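The values are calculated or read from the model by the stated rules, or taken from the named source; none is laboratory data. This structure is a prediction, so every number in the text was calculated from the model and none was measured. Every residue, glycine among them, receives a Cβ derived from its backbone with ideal geometry; neighbour counts consider all protein chains shown.
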Number of protein chains: 2
Amino acid sequence: MKIAMNDKRAGSRVWKMAFPGFLIACLVAATIATERAAEPPAQKPATMAEIVAAAKPDDWRALDPENTLYMELAGGRVVIELSPAFAPRHAANVKALAREHYFDGLAIIRVQDNYVAQWGDPGAEDPQAARKVQCAQKTLAAEFDRAIDAAIPFTPLPDGDVYAAEVGFSAGFPVARDKGSGRMWLTHCYGMVGAGRGNASDSGGGTDIYVVIGQAPRHLDRNCTLFGRVVQGMELLSSLPRGSGPMGFYEETEPLVPIRSIRVAADVPLAERSELEILRTESEAFRRLIEARRNRCEEWFLFQAGRIEICNVPVPLRSKSAAAGK
Amino acid sequence: MKIAMNDKRAGSRVWKMAFPGFLIACLVAATIATERAAEPPAQKPATMAEIVAAAKPDDWRALDPENTLYMELAGGRVVIELSPAFAPRHAANVKALAREHYFDGLAIIRVQDNYVAQWGDPGAEDPQAARKVQCAQKTLAAEFDRAIDAAIPFTPLPDGDVYAAEVGFSAGFPVARDKGSGRMWLTHCYGMVGAGRGNASDSGGGTDIYVVIGQAPRHLDRNCTLFGRVVQGMELLSSLPRGSGPMGFYEETEPLVPIRSIRVAADVPLAERSELEILRTESEAFRRLIEARRNRCEEWFLFQAGRIEICNVPVPLRSKSAAAGK
């Protein structure tokens, strides 16, 4: 893996720790692949970047604005894709909450290292100060899992899983299945978004939301309703200061992180939208990507794992403008 | 799971998202367990906090000051335990580098979201400006794995692993084994510390160091030499701003994060040391902890995973002073 030394500061460091694949050497390779049009190299195994560059226009899908949330923070925008297929009630309710401006002016109130960031109403305990829920639901019945349905796409992974009988991807989301019980569910990978709850299964509903910022806490699978996934802007949440209170809640002495707004993308003027496309996890390109990640062909890799765990599979994202300029 | 509402701001939030177990409800339970001395409850399965509280003094070991590094940042101290059992040459060389003050005044130069933070010499590319290695080695032969040895402790996990034939813990470190090849190696879990390298296996040595800050990148196992583990202060690294350059390197316009010093704990005056103890992963208490994490008995959990993945097992840490005050 050769890397252009285009930056005095970072050059030799990039060379010294050149393992992430997607960004540098593979972008060089991707340029080559693009020049060859959609034809993958015949002999040499393709890298993820080559596969992504060679993907056909139909392998990509735009985010549905009716299914996308924008959370605006001082640092920028977090883009969340909802999963009505797995959590129809929660996806609808969080949209309803956004549309009544429930979240605007609330805050991120908890960041626990290697676990979750969480947002909601810092004043929820005070009946006078608490933000009122208007037309949305305060709480909902849980949507921890759902019935397996042939209409729900599923691209399986071949290497098993510690927690579930079967794992794979469905419309961009990491999913586990158990044919024995006939159930399937979203899995707690990095960036997955869920509804906080109390002890009762129906005590959550989307007024309190968390996102996974560390090692996948898979023991939460089927204990919480996951209803979405951060597709852009994760670093705005994962790099926040950790709260010093119990479970990472911010103490009174620590500044909360204000939420300017959460909007449904469809309600945002076209010119202000983040026009993003996701590689279809049902595409042949994504199946090839899985193989490329199981066996990394980049020169840096001296040992190929030959296996991959579900939360280590990246789902490629691109901006529409970048795609148009290709 | 009932939680005292001891903080106006956080109270209801704690109650709404009360899943991490270790900290709140379990501390309440731990108090009860402590009052009952070392006798665990007869019927009810114990929580991790109860098990930790009931652990015997011999179940704990102090960090060896000759085997511990302190990295001092503006935000505080990061404590790293070295693993001479798995990486004797790298552990010795990083200590030699620390003892010749190689790292003092260098910087964290890269933070890539959901992957690694990395430190080293920002001026390494400029032969005039580059920090000189004096008595230590610039590079070393790799220590990607080692022979299985009955003298190396190993506490196995019962639920398998996506990447390796067998996984477990050895002296506090997450480890994989393959009896077929007779080899064992440290695994890339959150907080593990390794030596960056170029394409050649022997091009690293400890002048460039990375730490895992996201989902375990297990495809790096046996591709990099892991030689240590952050036992305290991870949040000082994981919450740093992500670099906006390729692979998370900081661009020229972004401030680097200076390293005040890296010292071997044995070289630090007694009064300034972090006196920490780790629950022995060879103890019966740790074996019980594994079971408590496979099947979470806290009231909040409605579904018990019944399984656990290696990078989700916490290794309890306590300060000596807290232990003495018990």
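Note on the range A:237-292: residues that are closer than 30 Å to A:Pro156 by Cβ and among the charged types (D, E, K, R) amount to 7.
From B:Gly172, B:Gly160, which residue is out of contact with any Leu (no Cβ under 9 Å at 6 or more places or on another chain), under 26 Å from B:Ile308 (Cα atoms) and at pLDDT 95 or above? Write out each step before concluding.
Values: B:Gly172 fails: out of contact with any Leu (no Cβ under 9 Å at 6 or more places or on another chain).
Unique residue meeting the criteria: B:Gly160.
Taking the range B:189-227 as the search range and keeping residues that are among the small types (Gly, Ala, Ser) and closer than 19 Å to B:Ala107 by Cβ, which one is nearest to the other protein chains (Cβ to nearest Cβ)?
Filtering the range B:189-227 for residues among the small types (Gly, Ala, Ser) gives B:191, B:194-196, B:198, B:200-201, B:203-206, B:214, B:216.
Among the residues that remain, those that are also closer than 19 Å to B:Ala107 by Cβ are: B:194-196, B:204-206.
Numbers: B:Gly194: 9, B:Ala195: 9, B:Gly196: 4, B:Gly204: 7, B:Gly205: 10, B:Gly206: 12 Å.
Result: B:Gly196.
Just give me the residues in the range A:167-181 being within 21 Å of the chain's Cα centre (by Cα) and either among the hydrophobic types (A, V, I, L, M, F, W, C) or surrounded by fewer than 16 Cβ atoms within 10 Å (Cβ to Cβ) (or both), in sequence order. Explain how you work it out, then say what you get.
Let us first name the residues in the range A:167-181 that are within 21 Å of the chain's Cα centre (by Cα), namely A:167-177.
Within the range A:167-181, A:Val167, A:Phe169, A:Ala171, A:Phe173, A:Val175, A:Ala176 qualify.
Please indicate, with yes or no, whether at least one residue in the range B:276-290 is within 13 Å of another protein chain (Cβ to nearest Cβ) and modelled with pLDDT of 95 or more. Yes, the range B:276-290 contains at least one residue that is within 13 Å of another protein chain (Cβ to nearest Cβ) and modelled with pLDDT of 95 or more.
Out of the residues in the range B:188-214 that are touching an Asp or Glu at 6+ places or on another chain (Cβ under 6 Å) and crowded, with 24+ Cβ neighbours inside 10 Å, state the one that is farthest from A:Arg307 (Cα to Cα). If we take residues in the range B:188-214 being touching an Asp or Glu at 6+ places or on another chain (Cβ under 6 Å) and crowded, with 24+ Cβ neighbours inside 10 Å, then B:Gly196 is farthest from A:Arg307 (Cα to Cα).
Here is a yes/no grid of residues against (1) modelled with pLDDT of 95 or more; (2) within 14 Å of chain A (Cβ to nearest Cβ); (3) touching an Asp or Glu at 6+ places or on another chain (Cβ under 9 Å):
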{"position": "B:Val14", "(1), (2), (3)": "no, yes, yes"}
{"position": "B:Leu23", "(1), (2), (3)": "no, yes, no"}
{"position": "B:Ala30", "(1), (2), (3)": "no, yes, yes"}
{"position": "B:Ala62", "(1), (2), (3)": "yes, no, yes"}
{"position": "B:Glu66", "(1), (2), (3)": "yes, no, no"}
{"position": "B:Ile80", "(1), (2), (3)": "yes, no, no"}
{"position": "B:His90", "(1), (2), (3)": "yes, no, yes"}
{"position": "B:Val94", "(1), (2), (3)": "yes, no, no"}
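Which of the residues that make up the range A:238-257 are among the hydrophobic types (A, V, I, L, M, F, W, C), outside any loop (DSSP other than H, G, I, E, B) and facing chain B (nearest Cβ under 7 Å)? Give the derivation first.
Taking the range A:238-257 as the starting set, the residues that turn out to be among the hydrophobic types (A, V, I, L, M, F, W, C) are A:240, A:247, A:249, A:256-257.
Of the ones still in play, those that are also outside any loop (DSSP other than H, G, I, E, B) are A:247, A:249, A:257.
If the condition is that a residue be among the hydrophobic types (A, V, I, L, M, F, W, C), outside any loop (DSSP other than H, G, I, E, B) and facing chain B (nearest Cβ under 7 Å), then A:Met247, A:Phe249 are the ones that fit.
Scanning the range A:291-326 for residues that are part of a helix (DSSP H, G or I) and either surrounded by fewer than 18 Cβ atoms within 10 Å (Cβ to Cβ) or more than 9 Å from every other protein chain (Cβ to nearest Cβ) (or both) turns up A:Glu291, A:Ala292, A:Lys320, A:Ser321, A:Ala322, A:Ala323, A:Ala324.
Filter the range A:130-153 for residues that are assigned to a loop (DSSP other than H, G, I, E, B) and of a type in the set (A, V, I, L, M) and give the result. Spell out how you get there, then give the answer.
Our first condition is that a residue be assigned to a loop (DSSP other than H, G, I, E, B); within the range A:130-153, this holds for A:130-145, A:148-153.
If the condition is that a residue be assigned to a loop (DSSP other than H, G, I, E, B) and of a type in the set (A, V, I, L, M), then A:Ala130, A:Val133, A:Ala136, A:Leu140, A:Ala141, A:Ala142, A:Ile148, A:Ala150, A:Ala151, A:Ile152 are the ones that fit.
Kindly provide the set of residues from the range A:175-212 that are within 16 Å of A:Ala142 (Cβ to Cβ) and of a type in the set (D, E, K, R), ordered by number. Selection gives A:Arg183, A:Arg197, A:Asp202, A:Asp208. Any residue at all in the range B:245-257 that is closer than 17 Å to B:Arg146 by Cβ and either modelled with pLDDT of 95 or more or touching a helix residue (DSSP H, G or I) at 6+ places or on another chain (Cβ under 9 Å) (or both)? Scanning the range B:245-257, I find no residue that is closer than 17 Å to B:Arg146 by Cβ and either modelled with pLDDT of 95 or more or touching a helix residue (DSSP H, G or I) at 6+ places or on another chain (Cβ under 9 Å) (or both), so the answer is no.
The listed residues are B:Leu97, B:Leu82, B:Leu69, B:Leu157, and the only one of them that is crowded, with 19+ Cβ neighbours inside 10 Å, more than 30 Å from A:Ile213 (Cβ to Cβ) and not charged (D, E, K, R) turns out to be B:Leu97. Among the criteria (1) under 13 Å from the mean Cα position of the chain (by Cα); (2) at the interface with another protein chain (Cβ under 9 Å from one of its Cβ atoms); (3) not hydrophobic (A, V, I, L, M, F, W, C), the one A:Gln232 does not fulfil is (2).
Determine, yes or no, whether B:Ile108 is buried (at least 23 other Cβ atoms within 10 Å of the Cβ) and farther than 30 Å from B:Glu254 by Cα. Taking the combined requirement at face value, the residue does not satisfy it.
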